[in-house]
There are 2 protein chains.
Amino acid sequence: MSPIVSREFRLKSRPDGIPTPDNFELAETTLNEPQNGEFLVKNLFLSVDPYMRGRMIDRKSYAPPWQLGHVMDGGAIGEVVASNNPNFKVGQNVIGNASWREYYISDGSGVGKVDPQMAPLSAWLGTAGMPGRTAYFGLLDIGQPQHGETVFVSGAAGAVGSVVCQIAKLKGCRVIGSAGSDAKVAWLKDKIGVDAAINYKHSANMHELTAAVAAEAPDGVDIYFENVGGDHLEAAMSVLNMNGRIPVCGMISGYNATTPIPGPTNLFNIIGKRLLLKGYIVSDYDAQLSDFYRDMGGWIQSGEIELQETVVDGFEKMPEAFIGLFTGENLGKMVVKA
Amino acid sequence: MSPIVSREFRLKSRPDGIPTPDNFELAETTLNEPQNGEFLVKNLFLSVDPYMRGRMIDRKSYAPPWQLGHVMDGGAIGEVVASNNPNFKVGQNVIGNASWREYYISDGSGVGKVDPQMAPLSAWLGTAGMPGRTAYFGLLDIGQPQHGETVFVSGAAGAVGSVVCQIAKLKGCRVIGSAGSDAKVAWLKDKIGVDAAINYKHSANMHELTAAVAAEAPDGVDIYFENVGGDHLEAAMSVLNMNGRIPVCGMISGYNATTPIPGPTNLFNIIGKRLLLKGYIVSDYDAQLSDFYRDMGGWIQSGEIELQETVVDGFEKMPEAFIGLFTGENLGKMVVKA
């Protein structure tokens, strides 16, 4: 095998506000033949996710920040194209923390095999992958949805939110989704099957947002799935019923904030309404992964859960796709086809 | 029995900010002889509690607001002084939602007998009563303290907080209490036995408060017992460890606010640290009351929990005692001796 030239994106500078293309540097590396026990993977689909924004800055978080000049981290689905490892044969599809690069060499650690029979390759980055697991465990374990309850989902058109909406419908709930464009609202109603969808940008302030949610929730809200923070959390505190639950998955409204955003003024509702808020990270549920594959595999096979994704074509468009997460470009999971 | 003239306090006007004496009206009523099945109670100790502030205003809450011109609600310990009810004999000590009045006539509904052998009469309004139950269930059920963990208690010198501190010590935790005067800090160390106490008024801002707590919590904080809200909650979000728990009992810093107080800017910690926040009201645990009497009764008898109270002498001083809750006049439970 002759050496392979692989392009990769490196963190060039830390963003201030929404990331811009010049935070990223497209570079080339040369990979040599896999050594004994190693194999070469060509990435086919790469993931861009909101959590990556947190790693681009130098702040104490649940994971250390990325270093300047280093390749950007991230999940990807690839195919083994050369191998000196008997467990990973040429042609095998794999998933791993493969980073923003076209090729990589692995010894197998942190790399898993994926079964294209259970779900199409790209779906392993979305509904059948990390965002799907995030939706599944947060809604079911923390939210504990009961038949007939009302679930309000922020970031409903995103990779996680759109799966939350679908699982909540499967559980017999009334589902209200919030998103940031009329196109997303239409998509939520037509493709995701929510009972009601709100374009939060039509609300001039938190009070209007609260009224918009309340209008769609005649029996109040029992679960607020938190992807967004800010005004959405404040509105949720107002509309939640007694014993309401808030799985806290993300607060994307603050990810690009350059100054701290104050929290809701109505946190006192936590007491009177006996609210539960619980933060979590998908990896907290690694021990229950088989539950996810059993249920989600079945729902995908039966068509009860539809795979929804936005595919950006071309490895060189990774920064553009990533930035698009914060400017509302994606319907469902955003992936890049290399 | 000749008619009895009983003084009572009525809600004269709704407070704007910290209540003032002219929000209350001292009036007299005349009580006639108890009819068949009724008995006459003379109140001996009356309770003033922070929750009462919420009922004085006309805002949707977990309980309806008090009506102007009506007698103020509240718990009291009394003695039966005349009776036409065979279940409540003269001399029996009783507890009930007796309101801010010297005497009342009851048919027994909502009135319980108290046993002066288990705890002194006034303690039934504090450590052995509602504030003690609030401390017990919030800390143990929501906080789930483990031996060796660190517990940070706001409002630590109050009726609830001072019991939380003592139970946390019994459970083998390191306890850090926050209060609003040097006298309270000294009292927390000397009488309540906390490991560290902080006068939050010495901190000019949230950052200094965070640093002050962090300095006393070398291993971080595992449980933050929330009585206060505002800067305390924000500081707690910073110092809490992974999987930290926040029983949300009260947010007294906001009770007298005339404009909405923004929440913490660092709520994103809920996600990375997988924090749990859970609001509750003491009556949520009425089904487990026997657990409380078993444990707290034992701790009081053995002296493991000390009764701490501030007694204001004179029924006419009820408004003064109540206002003192918000100006930091009490060490432990504030009661009025009629």
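The values are calculated or read from the model by the stated rules, or taken from the named source; none is laboratory data. Predicted model, so just to flag it, every value in this text is computed and none were measured. Backbone-built Cβ (ideal geometry, glycine too); neighbour counts: all protein chains shown.
Going through B:GLU320, B:GLU304 one at a time, which residue ends up being over 19 Å from the mean Cα position of the chain (by Cα) and surrounded by fewer than 19 Cβ atoms within 10 Å (Cβ to Cβ)? After ruling out the rest, the residue left standing is B:GLU304.
Looking only at residues that are assigned to a helix (DSSP H, G or I) and crowded, with 20+ Cβ neighbours inside 10 Å in the range B:263-291, which one is farthest from the other protein chains (Cβ to nearest Cβ)? First the steps, then the outcome.
Just the residues of the range B:263-291 that are assigned to a helix (DSSP H, G or I), to begin with: B:269-272, B:282-291.
Those left that are additionally crowded, with 20+ Cβ neighbours inside 10 Å: B:269-271, B:282.
Values: B:ASN269: 8, B:ILE270: 4, B:ILE271: 4, B:VAL282: 11 Å.
If we take residues in the range B:263-291 being assigned to a helix (DSSP H, G or I) and crowded, with 20+ Cβ neighbours inside 10 Å, then B:VAL282 is farthest from the other protein chains (Cβ to nearest Cβ).
Test B:MET206 against the criterion of being over 19 Å from the mean Cα position of the chain (by Cα) and modelled with pLDDT of 95 or more, and give yes or no. Considered against the rule, which asks whether it is over 19 Å from the mean Cα position of the chain (by Cα) and modelled with pLDDT of 95 or more, B:MET206 comes out as no. In summary, strands (runs of 3 or more DSSP E) completely within the range B:180-249 and bearing 3 or more residues that are over 24 Å from A:ARG274 (Cα atoms) and either hydrophobic (A, V, I, L, M, F, W, C) or more than 14 Å from chain A (Cβ to nearest Cβ) (or both) occur at B:196-199. Within the range A:73-90, the presence of a residue that is out of contact with any Phe, Trp or Tyr (no Cβ under 8 Å at 6 or more places or on another chain) and among the hydroxyl-bearing types (Ser, Thr, Tyr) is excluded.
Here the condition is being small (Gly, Ala, Ser), farther than 17 Å from B:VAL164 by Cα and buried (at least 19 other Cβ atoms within 10 Å of the Cβ); of B:GLY250, B:GLY244, B:GLY230, it holds for B:GLY230 alone.
Of all the residues in the range B:15-28, those that are touching a strand residue (DSSP E or B) at 6+ places or on another chain (Cβ under 9 Å) and surrounded by fewer than 16 Cβ atoms within 10 Å (Cβ to Cβ) number 3. Taken together, B:ALA63, B:ALA76 contain a single residue that is within 18 Å of the chain's Cα centre (by Cα) and exposed (fewer than 14 other Cβ atoms within 10 Å of the Cβ), which is B:ALA63.
One line per residue, one yes/no per condition, for (1) aliphatic (A, V, I, L, M); (2) within 21 Å of A:ARG133 (Cβ to Cβ); (3) in contact with a strand residue (DSSP E or B) (Cβ under 8 Å, 6 or more places away or on another chain):
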{"site": "A:ALA159", "(1), (2), (3)": "yes, yes, yes"}
{"site": "A:VAL163", "(1), (2), (3)": "yes, yes, no"}
{"site": "A:ILE176", "(1), (2), (3)": "yes, no, yes"}
{"site": "A:ILE198", "(1), (2), (3)": "yes, no, yes"}
{"site": "A:LYS201", "(1), (2), (3)": "no, no, no"}
{"site": "A:MET206", "(1), (2), (3)": "yes, no, no"}
{"site": "A:THR210", "(1), (2), (3)": "no, no, no"}
{"site": "A:ALA217", "(1), (2), (3)": "yes, no, yes"}
{"site": "A:VAL221", "(1), (2), (3)": "yes, no, yes"}
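Of everything listed in (1) within 12 Å of chain B (Cβ to nearest Cβ); (2) over 30 Å from B:TYR51 (Cβ atoms); (3) hydrophobic (A, V, I, L, M, F, W, C); (4) crowded, with 23+ Cβ neighbours inside 10 Å, the single unmet condition for A:ALA257 is (4).
Where in the range A:14-122 are there strands (runs of 3 or more DSSP E), lying fully within it, with 1 or more residues that are within 30 Å of A:GLY298 (Cα to Cα)?
Working: elements: A:24-31, A:39-47, A:76-83, A:93-96, A:103-106, A:111-113.
In the range A:14-122, the matching strands (runs of 3 or more DSSP E) lie at A:39-47, A:76-83, A:93-96, A:111-113.
Only one entry in A:ASN241, A:ASN256, A:ASN269, A:ASN227 is within 22 Å of B:ASN243 (Cβ to Cβ) and either in the same structural domain as A:ILE192 (by TED's automatic domain parsing) or free of Cβ contacts under 8 Å to residues at least 40 places away in the same chain (or both), namely A:ASN227. With the requirement that a residue be over 29 Å from A:VAL248 (Cα atoms) and of a type in the set (A, V, I, L, M), what does the range B:273-302 give you? Once the filter is applied, which keeps residues that are over 29 Å from A:VAL248 (Cα atoms) and of a type in the set (A, V, I, L, M), the range B:273-302 yields B:ALA287, B:LEU289, B:MET296, B:ILE300. Of the listed requirements (1) surrounded by 15 or more Cβ atoms within 10 Å (Cβ to Cβ); (2) in the same structural domain as A:VAL160 (by TED's automatic domain parsing); (3) over 21 Å from the mean Cα position of the chain (by Cα), A:ASN93 misses just one: (2). Within the range B:292-305, the set of residues being of a type outside the set (Gly, Ala, Ser) and part of a helix (DSSP H, G or I) comprises B:PHE292, B:TYR293, B:ARG294, B:ASP295, B:MET296, B:TRP299, B:ILE300, B:GLN301. Write out, first by first residue and then by second, each pair whose Cβ atoms fall under 7 Å of each other, whose residues are 6+ apart or on separate chains, and whose first residue, in the range A:5-29, is in the same structural domain as A:GLY54 (by TED's automatic domain parsing) and closer than 13 Å to A:MET72 by Cα while the second is of a type in the set (Gly, Ala, Ser) and assigned to a strand (DSSP E or B). Here the result reads A:GLU8/A:ALA27; A:ARG10/A:ALA27, each pair linking the range A:5-29 to a residue that is of a type in the set (Gly, Ala, Ser) and assigned to a strand (DSSP E or B).
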